[in-house]
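The values are calculated or read from the model by the stated rules, or taken from the named source; none is laboratory data. Keep in mind the model is a prediction, meaning the values are calculated, not measured. All Cβ positions, even for glycine, are placed from backbone atoms using ideal geometry, and neighbour counts span all protein chains on display. Accessible surface areas use protein heavy atoms only, side chains included; no ligands, DNA or RNA. Shrake-Rupley method; radii C 1.70, N 1.55, O 1.52, S 1.80 Å.
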Amino acid sequence: MSLVAVMIRLPSSLVLPLVLLGLGAPAPALARPPEAPVSAAPAAAADRARMNQRVFDAVWEEVRRAYYDPGLHGVDWRAARETWRPRALAAQDERQLYRALSGMLDLLDDDHAGAQPPAGVRRQEALRQRRAVIGFTLAREADATYRVEQVRAGSPADEAGIGLGWRLRAIDGQDWGPDFDVVEGREVRLSLIDDAGAERETVVVPRVMEPIPAFSADRSRPGVVVLRAEGFEAGLGRWVAEQLRDVAPETDIVLDLRSNPGGRLNEVEAVLACFLPRGQEWARRTGRNGRVVVLRAQSGCGGRDAPLTNDLAVLVDGASRSAAELTPAALQQFNRAVVVGEKTAGAVLISQDTDLPDGGRLTLSRADLVMRDGARLEKTGVTPDAVVPRSIQDRREGRDPQLEAAIELLARS
């Protein structure tokens, strides 16, 4: 399997960008033309059931055949099929089908095992495109509720006064679901609870906005460059190398991986190539067949003969996942960087996507991973060298104690 094709990230159903979500009201029903046959509704229901069967069977078989642990963590997969297949086949719509699939996949207790409905796939593919947005991001809490994690300046959500830390109760009178689609100009009714516990009802109208850049650089502080990555997307390693091409040896570097859900494994190796010796082993992965593959820093960093020696800090938080955990862990085990912030999510397995018959997508762990020093990050995460919290109030008031702590630590080194 090509490393380029391998993904290490949490399914996007658990990290929920509402700048992309489809949150429109359902389309009005069309009157039946006089010539429409009476059997149209039963035929549509039969088509739905056939598609449900195809999708469910594809997911069940792929897990049975390709999941990294042939023992499936002790789950009786045939019994799971008997329980969940009837529910999936009886689903009347996409939402019910994918809730049944999620219920079955949850048995694996694996943050990388998830099924995205077609609407979620469309959002993922449009992530860096100009599109209709509401303009806030949700984070899932331990109690399965959703909290507003980010509000984009100048967006409909911002203009409606939606605040950080508010909790989402309902969208158009329903629980949130990944099957919603955002439609430009179509009103969305949001029910939220603010930070004081008061209920807030508001209507927002999605509109087209430019995408948020995947990567950004901040050179506003003398002697410091802050590189921010929204995800380990294609081109990250090349972009980091370009940003550091002419950096002076005395310039401190901060790599900001907070709220980064992960991405491509080859981009992890490309980023590490800028800071670790060429060919340096940093982890090992083990597939279903037991074969061990050594992971190494790629050769070169934008044509450099040797890695940079600049002082380096990496910012992480509880929403840093997968690739955004492997990178600080690899640098940390060689004492190459100081890691600052909060403990990471502990969602670190090697996963890959499989397209489903209805346009949905299955994300599934295909390999286990252990760091070179023997540390397992799955379910444990990365503990920062300097634990520095950042509260909702800090963010509301524009404070960033994690970044300031990282800069101060680098200045002392």
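For the range 123-135, taking the residues that are surrounded by fewer than 19 Cβ atoms within 10 Å (Cβ to Cβ) and aliphatic (A, V, I, L, M), the one that is modelled with the highest pLDDT is identified as 126. Looking at 163, 120, which one is touching a strand residue (DSSP E or B) at 6+ places or on another chain (Cβ under 8 Å), among the small types (Gly, Ala, Ser), open to solvent by less than 10 Å² (accessible area, probe 1.4 Å) and at negative phi? None of the others qualify; the one that does is 120. Take the conditions (1) open to solvent by 30 Å² or more (accessible area, probe 1.4 Å); (2) at pLDDT below 95; residue 228 misses just one of them, which is (2).
Number of residues in the range 166-181 that are within 22 Å of residue 121 (Cα to Cα) and open to solvent by 30 Å² or more (accessible area, probe 1.4 Å) equals 5. Scanning the range 370-393 for residues that are assigned to a helix (DSSP H, G or I) and either at pLDDT 95 or above or loosely packed, with under 13 Cβ neighbours inside 10 Å (or both) returns a single hit, 393.
Being free of Cβ contacts under 8 Å to residues at least 12 places away in the same chain and either buried (at least 19 other Cβ atoms within 10 Å of the Cβ) or of a type in the set (A, V, I, L, M) (or both) is the filter here; which residues of the range 100-117 pass it? It would help to see each step written out before you state the result.
Here is the first cut: in the range 100-117, the ones free of Cβ contacts under 8 Å to residues at least 12 places away in the same chain are 106.
Within the range 100-117, none qualify.
Would you confirm whether or not the range 28-50 contains a residue that is at pLDDT 90 or above, buried (at least 16 other Cβ atoms within 10 Å of the Cβ) and not in a helix (DSSP H, G or I)? Within the range 28-50, not a single residue is at pLDDT 90 or above, buried (at least 16 other Cβ atoms within 10 Å of the Cβ) and not in a helix (DSSP H, G or I).
Inspection of the range 400-410 identifies no residue that is in a strand (DSSP E or B) and among the small types (Gly, Ala, Ser). Checking each residue of the range 192-208 against the condition of being in a loop (DSSP other than H, G, I, E, B), over 18 Å from the mean Cα position of the chain (by Cα) and under 30 Å from residue 264 (Cα atoms) gives no match. The single residue among 152, 140, 131, 147 that is closer than 15 Å to residue 193 by Cβ and not β-branched (Val, Ile, Thr) turns out to be 147. Could you tell me whether residue 398 is small (Gly, Ala, Ser) and open to solvent by less than 10 Å² (accessible area, probe 1.4 Å)? Criteria not met by residue 398. Evaluate the following for residue 353: is it under 18 Å from residue 284 (Cβ atoms), open to solvent by 10 Å² or more (accessible area, probe 1.4 Å) and either outside any loop (DSSP other than H, G, I, E, B) or in contact with a helix residue (DSSP H, G or I) (Cβ under 6 Å, 6 or more places away or on another chain) (or both)? It is false that residue 353 is under 18 Å from residue 284 (Cβ atoms), open to solvent by 10 Å² or more (accessible area, probe 1.4 Å) and either outside any loop (DSSP other than H, G, I, E, B) or in contact with a helix residue (DSSP H, G or I) (Cβ under 6 Å, 6 or more places away or on another chain) (or both).
Residue 92 - would you say it is open to solvent by less than 70 Å² (accessible area, probe 1.4 Å) and among the polar types (S, T, N, Q)? No; evaluated as a whole, the condition is false for this residue. Using beta carbons and a limit of 6 Å, which pairs, at least six apart or on different chains, have the first residue in the range 76-97 and part of a helix (DSSP H, G or I) and the second one modelled with pLDDT of 95 or more and among the polar types (S, T, N, Q)? Listed by first residue and then by second, the contacts come to 88/52; 89/52; 89/53; 97/52. If you check residue 87 against the conditions, is it among the basic types (Lys, Arg) and surrounded by fewer than 18 Cβ atoms within 10 Å (Cβ to Cβ)? So residue 87 passes the test. Residues of the range 356-367 that are open to solvent by 10 Å² or more (accessible area, probe 1.4 Å) and in a strand (DSSP E or B): 361, 366. Looking across 148, 59, one residue alone is out of contact with any Asp or Glu (no Cβ under 9 Å at 6 or more places or on another chain), of a type in the set (A, V, I, L, M, F, W, C) and not in a helix (DSSP H, G or I). It is 148. Taking the stated definitions as given, is residue 128 among the basic types (Lys, Arg), under 17 Å from residue 356 (Cα atoms) and under 20 Å from the mean Cα position of the chain (by Cα)? Taking the combined requirement at face value, the residue does not satisfy it.
For the range 109-138, name all the residues that are farther than 30 Å from residue 77 by Cα, among the small types (Gly, Ala, Ser) and assigned to a strand (DSSP E or B). Steps first, please.
Step one: list which residues in the range 109-138 are farther than 30 Å from residue 77 by Cα, which gives 123, 125-138.
Then drop every residue that is not among the small types (Gly, Ala, Ser), which leaves 126, 132, 135.
Correct list: 132 only.
Checked across the range 72-84, the condition of being open to solvent by less than 40 Å² (accessible area, probe 1.4 Å), farther than 15 Å from residue 362 by Cβ and at pLDDT below 95 holds for no residue.
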